[in-house]
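Below you'll find the structure I mean.
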């Protein structure tokens with residue numbers, strides 16, 4: 001099953017990643033997700049700010065707390081062993097709200113909530129990925145901005161990767177947004193390996209958190 005899942009994602013997204021490397025990274029991320037037990041303070045899971053109160057979107061149950069813990073731990077694990085990453089976040093896509101809601105993040109603070117609309121897609125790579133279900137790699141954010149492809153003023157001198165977390169029927173459940181301190185080599189997709197693996201490992205937790213089944217056309 002993991003081999004088919006990985007192969008399908010790589011083919012669909014047109015990525016030149018090594019399947020064996022993704023499989024190793026997936027196994028590591030999935031092990032963290034499956035373990036999912038650690039003492040994590042409530043405010044780190046159920047974050048609350050002027051921008052967003054996570055409990056307004058998800059019931060604060062023991063089951064959802066465990067799912068958020070799994071997502072938190074998996075992101076923390078990948079972020080802690082990645083080099084040159086300034087920020088990373090996992091967003092859930094809320095179609096009924098027409099926006100992305102940040103579930104957890106590491107590094108420099110990213111937006112807690114983003115409207116999924118035309119302005120958002122022009123400004124934020126994560127919104128563009130949520131709309132299209134296509135993974136986006138802005139290897140040089142400054143070059144994208146100069147070409148009019150991205151208007152976000154943040155991370156102008158680095159790189160960004162946005163990876164969709166998709167259900168088996170192609171529905172976007174969420175997006176992983178990663179921002180790098182420096183540009184990435186244009187011809188090398190390998191920095192994306194760990195993040196693609198994480199996206200695949202988070203499919204089930206996000207499906208459960210969003211109460212999603214593949215028979216549903218929408219969440």
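The values are calculated or read from the model by the stated rules, or taken from the named source; none is laboratory data. Just so you know, these numbers come straight off a predicted model, no measurement behind them. Heads up, the Cβs are rebuilt from the backbone with ideal geometry, glycines too, and the neighbour counts pull from every protein chain shown.
Specify which of the listed residues (100, 114, 110) is without any contact (Cβ under 8 Å) to a residue 40 or more places away in the chain and touching a strand residue (DSSP E or B) at 6+ places or on another chain (Cβ under 7 Å). Spell out how you get there, then give the answer.
Working: 100 fails: without any contact (Cβ under 8 Å) to a residue 40 or more places away in the chain; 110 fails: without any contact (Cβ under 8 Å) to a residue 40 or more places away in the chain.
Just a single option satisfies the conditions, and that option is 114.
Something else now. Of the residues 205, 183, 164, only one is in contact (Cβ under 8 Å) with a residue 40 or more places away in the chain and either over 27 Å from residue 30 (Cβ atoms) or not in a helix (DSSP H, G or I) (or both); which?
Numbers: 205 fails: either over 27 Å from residue 30 (Cβ atoms) or not in a helix (DSSP H, G or I) (or both); 164 fails: in contact (Cβ under 8 Å) with a residue 40 or more places away in the chain.
Going through 205, 183, 164 in turn, just one is in contact (Cβ under 8 Å) with a residue 40 or more places away in the chain and either over 27 Å from residue 30 (Cβ atoms) or not in a helix (DSSP H, G or I) (or both): 183.
Would it be correct to say that residue 156 is touching a helix residue (DSSP H, G or I) at 6+ places or on another chain (Cβ under 6 Å), without any contact (Cβ under 8 Å) to a residue 40 or more places away in the chain and closer than 22 Å to residue 44 by Cβ? Explain how you work it out, then say what you get.
Details: touching a helix residue (DSSP H, G or I) at 6+ places or on another chain (Cβ under 6 Å): yes; without any contact (Cβ under 8 Å) to a residue 40 or more places away in the chain: yes; closer than 22 Å to residue 44 by Cβ: no.
So residue 156 does not fit the description; no.
Condition first: assigned to a helix (DSSP H, G or I) and within 21 Å of residue 169 (Cα to Cα). Now tell me which residues in the range 3-21 satisfy that. So that I can check it myself, show each step before the final result.
Restricting attention to the range 3-21, the residues satisfying the condition of being assigned to a helix (DSSP H, G or I) are 3-13, 19-21.
Residues satisfying the conditions are 3, 4, 5, 6, 7, 8, 9, 10, 11, 12, 13.
Here are some residues: 100, 93, 110, 150. Which one is under 13 Å from the mean Cα position of the chain (by Cα), at pLDDT below 95 and crowded, with 19+ Cβ neighbours inside 10 Å?
Numbers: 100 fails: at pLDDT below 95; 93 fails: at pLDDT below 95; 150 fails: under 13 Å from the mean Cα position of the chain (by Cα).
Exactly one of 100, 93, 110, 150 is under 13 Å from the mean Cα position of the chain (by Cα), at pLDDT below 95 and crowded, with 19+ Cβ neighbours inside 10 Å, namely 110.
May I pose another question? Quick check on my filter: what residues within the range 32-49 are out of contact with any helix residue (DSSP H, G or I) (no Cβ under 9 Å at 6 or more places or on another chain) and either farther than 15 Å from residue 103 by Cα or modelled with pLDDT of 95 or more (or both)? Don't jump to the end; show me each part of the working.
Let us first name the residues in the range 32-49 that are out of contact with any helix residue (DSSP H, G or I) (no Cβ under 9 Å at 6 or more places or on another chain), namely 39, 41, 43, 49.
39, the sole residue that qualifies.
Separate question: Looking for something surrounded by fewer than 21 Cβ atoms within 10 Å (Cβ to Cβ) and assigned to a strand (DSSP E or B) - is there at least one such residue anywhere in the range 118-129?
Taking every residue of the range 118-129 in turn, none turns out to be surrounded by fewer than 21 Cβ atoms within 10 Å (Cβ to Cβ) and assigned to a strand (DSSP E or B).
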